Amino acid sequence: MQMSDKTNDFNRRKVLQKAGFGVVGSSLALSSVGAAQSAGANEGENKLSEEEKEAVLKELEEIAEEELNECLKNNTDGDLSTKATIPKWVPGLPDGLPFNWCLNVPFGPEMCALAEAPIMEESLSCGGNYFTGRSVGMSFGYGPNIDIEDDDITGNIQNEISFSLLIDESNGCIYVETGVGFDTACLGPNCPDYPDLSDVSVTELANTLYDTSRDLAEDIFDAAGLNPPEIIIIAAAILIAVAGSLITLKPPTLVPA
């Protein structure tokens with residue numbers, strides 16, 4: 001990430017278009033590894049090394065720091081324009097599943113997120129579509145004073161939403177299954193063209209992950225009829241990108257029986 005000299009241009013869709021990706025065409029790189037393997041790709045093709053996987057997560061952490069700080073600086077409610085610097089406040093991102101993560105926004109709401117252990121290669125269905133894929137359950141909650149206790153988001157929760165991220169192994173299409181009232185909504189499938197991992201840099205891949213996940217986060221909150229602050233949407237997008245990359249780019253964390 002080299003955007004410190006472009007503080008007025010944080011539209012990552014423009015970054016992706018300049019890198020040769022269309023908005024739709026770039027939007028689901030997080031599934032490209034699983035899709036390539038299930039489509040019969042040769043061993044080693046479109047497969048990230050452990051160092052590259054770690055680099056993707058590191059890039060996502062830098063994106064989180066930049067995006068969240070830029071949003072905070074533009075927040076006039078706290079009159080942050082008068083502050084020369086903002087102390088480091090964004091916690092490190094998780095590097096395995098399951099995870100829990102909380103963000104205490106200066107002059108704003110708190111947010112906590114939970115992600116379950118991933119389920120790999122099972123029969124899934126969403127909106128009448130049946131496929132074999134991978135999934136991970138996630139929950140987001142935000143409000144003035146919240147925390148995580150015993151794997152549950154607790155405290156003064158303003159809004160909370162739970163959903164499952166589903167990825168079709170055969171083609172990399174992504175679905176989001178979420179509860180809306182007493183009904184279950186299925187968002188997707190989202191099946192864009194994938195960038196070739198052999199021709200894309202780690203930075204471009206991480207930006208692609210974030211761009212996709214930003215769209216997903218907005219769709220998830222819209223489906224639930226929620227309109228959270230921008231900074232909550234950014235944080236949710238980052239965590240969706242992390243969870244998606246972990247279930248496709250890294251093996252699942254083994255949980256003792």
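The values are calculated or read from the model by the stated rules, or taken from the named source; none is laboratory data. Everything numeric here is computed off the predicted structure, so don't read it as measured data. Note that each Cβ is placed from the backbone with ideal geometry, even for glycine, and that neighbours are counted across all protein chains shown. Only protein heavy atoms, including side chains, enter the accessible area calculation; ligands, DNA and RNA are left aside. Shrake-Rupley method; radii C 1.70, N 1.55, O 1.52, S 1.80 Å.
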Roughly how many percent of the accessible protein surface of region 105-251 is carbon and sulfur, given a 1.4 Å probe and a whole-percent answer? 42 percent
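May I ask you to order 231-242, 201-212, 139-150 by the average number of other C-beta atoms within 10 Å around their residues, highest value first?
Details: 231-242: 25.4, 201-212: 22.6, 139-150: 17.1.
Going by the mean number of other Cβ atoms within 10 Å, highest first, we get 231-242, 201-212, 139-150.
With a probe of 1.4 Å, find how much accessible area region 102-178 has per residue, and write the answer as a whole number in Å².
Values: 3330 Å² over 77 residues.
On a per-residue basis, 43 Å².
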